[in-house]
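Working notes for the structure below.
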Amino acid sequence: MADNAWDPAQYNRFRAERRQPFLDLIALIEPRPGLRVVDLGCGTGELTRLLHDRLPGADTLGLDGAATMLGESAAVATAGLRFAQADIAAFAADAAYDLVVSNAALHWLPDHAALFARLRRALADGGQLAVQMPLNFDYPSHTVAAAIAGEAPFRDALGGFAVTRPVQAPEWYAALLHRLGFPRQHVRMQVYGHLLAARDEVVEWVRGSLLTAYQRRLPADLWPAFLERYRARLLAELPDERPFFYPFKRLLLWGALA
């Protein structure tokens, strides 16, 4: 996902809310000295640094395709922690890492059976895989965007593209990890309840994530119209409550090869 639609300031408007699922994810990891770590979709690198600091003597590489996000990583780089721009969809390695981590990134990629098999091949003996992905694709913040993408004039400009549910059910991933040879695993769906000042803030939330997929594909003169139609349609579906409770489902999974 290499494009300038990713805005670090917009994404980090909800820094604390986006941070908690990562903390829950890395709590599943078993620390060992000297782990070789890769973080796929590291964003600004802030959370990668947090992970690196919690792993004694780790050699950590953060990869991200968005230059706008990765540009923030220089501020958090430290000994044993480095960052590089790369398309995580093309990531491949052969037993090169002891830990593969991805937080809120792999849901952008298709064919998770093949993807997770590739991540498995990147792990050395005894390696660990830790992944967190949004699972909120049936909530109005997501379904409204997909519906508008199918309307004129956006449908033609998007070439029929819409973000639909790319993430499978938790039990699907549990079975996949088993087939890939992870004898120990932890897979769960968790609902994070976010108290936002008002329902309007849901729009600001998805402008930093989901809506980037539409923004980068639409002509510059159509994007404001898409956003305005989205805002009007979404707010009509959400109750006008202050504060507004935004339930957000996420999938957390961890597996170890031994």
Dividing the Cα radius of gyration by the Kirkwood radius, what Rg/Rh value follows for region 187-258?
1.12
Cα coordinate range in region 49-138, projected on the principal axes (Å, largest first)
36, 34, 22
Over region 116-202, what lengths in whole Å, largest first, do the semi-axes of the equivalent ellipsoid take, defined as the square roots of 5 times the eigenvalues of the alpha-carbon gyration tensor?
33, 19, 11
Using Cα-only point scatterers and the Debye equation, what is log10 of I(q)/I(0) for the chain at each q in 0.07, 0.17 Å⁻¹, rounded to two decimals?
-0.25, -1.37
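Would you calculate a helix-derived [θ] at 222 nm for the chain, using -39,500 (n - 2.57) for each DSSP H run of n ≥ 4 and dividing by the full residue count, to the nearest 500?
Working: 11 runs with 91 residues, N = 258.
Using -39500 (n - 2.57) per qualifying helix, the result is -9500 deg cm²/dmol.
For the chain, what % of the accessible area comes from carbon and sulfur atoms, probe 1.4 Å? Mind showing how you got there, number by number?
Values: 5670 of 10930 Å².
C and S atoms contribute 52 percent here.
The values are calculated or read from the model by the stated rules, or taken from the named source; none is laboratory data. Because the structure is predicted, anything quoted here is derived from the model rather than measured. For accessibility, only protein heavy atoms count, side chains too; no ligands or nucleic acids. Shrake-Rupley method; radii C 1.70, N 1.55, O 1.52, S 1.80 Å.
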